[in-house]
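The next block holds one structure in the form of structure tokens; read it before the comments.
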Amino acid sequence: EKGGFDHFMLKEIYEQPRSIRDCMRGRIYPNEGFVQLGGIKEYAEKLKNIDRIIIVACGTSWHAGLVGEYLIEEYARIPVEVEYASEFRYRNPIITEKDVVIAISQSGETADTMAAIEMAKEKGATIFGVCNVVGSSIPRLTHAGVYTHAGPEIGVASTKAFTAQVTVLTLIAFYMAQQKGTITKAKMVELLTELDLIPEKIQRALESNDLIKEIAAKFKDSRNCLFLGRGSGFPVALEGALKLKEISYIHAEGYPAAEMKHGPIALIDEEMPVVVIATKNSSYEKVISNIQEVKARKGIVLAIVTEGDTEVKKMADYVIEIPDASEAFLPLLATIPLQLLSYHIAVLRDCNVDQPRNLAKSVTVE
Ligand code: F6R
């Protein structure tokens, strides 16, 4: 049932080229520059006039929400707020009939996310679901939705469900942009053509597995680990840190790289590994100076870089290459080596990778 892999988590990491392909099937038309989302089609008109989107989710799904915020604001030019479902439901949030709430949940059963949906629904908002488990509770509570189609995820730590959520949110962002006319046909053709190649690029990113295993051996006895990223790389850093703490029990934190100097820099010494998303995107030069700041304090740098990078290689202690991609698609690729890194560290520490202590696959309690 694990298909020759030692753990479900590893199997699910390797399934990602396929699960993302499945998620896009019948939804993107690269040559025509067109996105079709049957699940929210009925709301196509409404999407032309919305003022605001609120995303609610927990854990890894919340991280996917942050990527969604980046993409929707960038392409559809609609303001987005991303909320922890548990915080949102216990406040007195301002919600109106004009709002669209997107609830993201792999299991479709998370209690806090369900309660947030019910509250927003009562206040008249339109609710879209982004769920993986077909027929679960959340899709039944929402007005419309888009399934992620990642297939069953058995490992407690979410991997392929996360990248499928990010893929669906990418499609939703493009769909909204299409409805609002904030994107040209030519740009859409370009973006969808690139998106269509992402499964192959993920396949290539997976080829670093052996190298990552070697790096994991160097990191396995660390007590702490910092993850840094900027722009769409910031949610990737948060997700990398969450994965590591969940399955290896190493304390890890994700930070926007520029925030390092406002506090976390105090933690850096020769025992502190810092994982940096340092791909060739808009913030490349800035991230390079963050790496210099870490090295000046003798921190150990593991950088996720774009294939062929030479500059970061000169500074970082370890580098893992990923194929080149636009900033929009960076999270789909940069997440892969971080999933493998936590997996191998956890295995080397003899942790129960598929069923980490104290965690459950679906959190049906508040
Ligand atoms: C992390 C993880 C959890 C879930 C969270 C939300 O690997 O699995 O953080 O992401 O409990 O669960 P869903 O998406 O089922 O609502």
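Projected onto their three principal axes, the Cα atoms of the stretch 103-179 cover extents of 36, 33, 17 Å, largest first. Using only alpha-carbon positions in the stretch 246-309, the gyration tensor eigenvalues give semi-axes of 19, 15, 12 Å once each is multiplied by 5 and square-rooted (largest first). Per-atom-type breakdown for the stretch 1-136 gives carbon and sulfur 47% of the accessible area (1.4 Å probe, protein chains only). Taking all Cα pairs closer than 8 Å and separated by 6 or more residues, the relative contact order of the stretch 1-101 comes to 25 percent. The mean sequence separation of alpha-carbon pairs under 8 Å and at least six residues apart, normalised by the residue count of the stretch 158-270, gives a relative contact order of 17 percent. Among complete DSSP H helices in the chain, those whose alpha-carbon atoms stretch at least 24 Å along the helix's long axis and whose mean Kyte-Doolittle hydropathy reaches 0.5 are 160-180, 330-348. Most simply put, the chain has about 5% antiparallel DSSP beta bridges, counting only bridges with both residues inside it.
Within the stretch 81-228, the proportion of Cα pairs with more than 23 Å between them is 52 percent. Per-atom-type breakdown for the stretch 155-262 gives carbon and sulfur 49% of the accessible area (1.4 Å probe, protein chains only). A convex hull fitted around the alpha carbon atoms of the stretch 196-270 yields 109 Å³ per residue. If you model the stretch 289-366 as an ellipsoid using its alpha carbon gyration tensor, with each semi-axis the square root of five times an eigenvalue, the axes come out at 30, 18, 13 Å, biggest first. Expressed as a fraction of 2.2 N^0.38 Å, the value expected for a compact globular protein of N residues, the C-alpha radius of gyration of the chain is 0.95.
With a Förster radius of 30 Å applied to the C-beta separation of Thr310 and Lys261, the computed FRET efficiency comes to 0.70.
Taking 0.890 mPa s as the viscosity and 25 °C as the temperature, the Stokes-Einstein diffusion coefficient of the stretch 1-155 based on its alpha-carbon Kirkwood radius rounds to 149 µm²/s. The modelled label-to-label distance for the pair Arg21/Glu207, using points 7 Å beyond Cα in the direction of Cβ, is 1.7 nm. Over every Cα atom in the stretch 154-283, the radius of gyration and the widest Cα-Cα span, Dmax, amount to 17.5, 51 Å.
The values are calculated or read from the model by the stated rules, or taken from the named source; none is laboratory data. This structure is a prediction, so every number in the text was calculated from the model and none was measured. All Cβ positions, even for glycine, are placed from backbone atoms using ideal geometry, and neighbour counts span all protein chains on display. All accessible areas refer to the heavy atoms of the entire protein, side chains included, with ligands and DNA or RNA removed. Shrake-Rupley method; radii C 1.70, N 1.55, O 1.52, S 1.80 Å.
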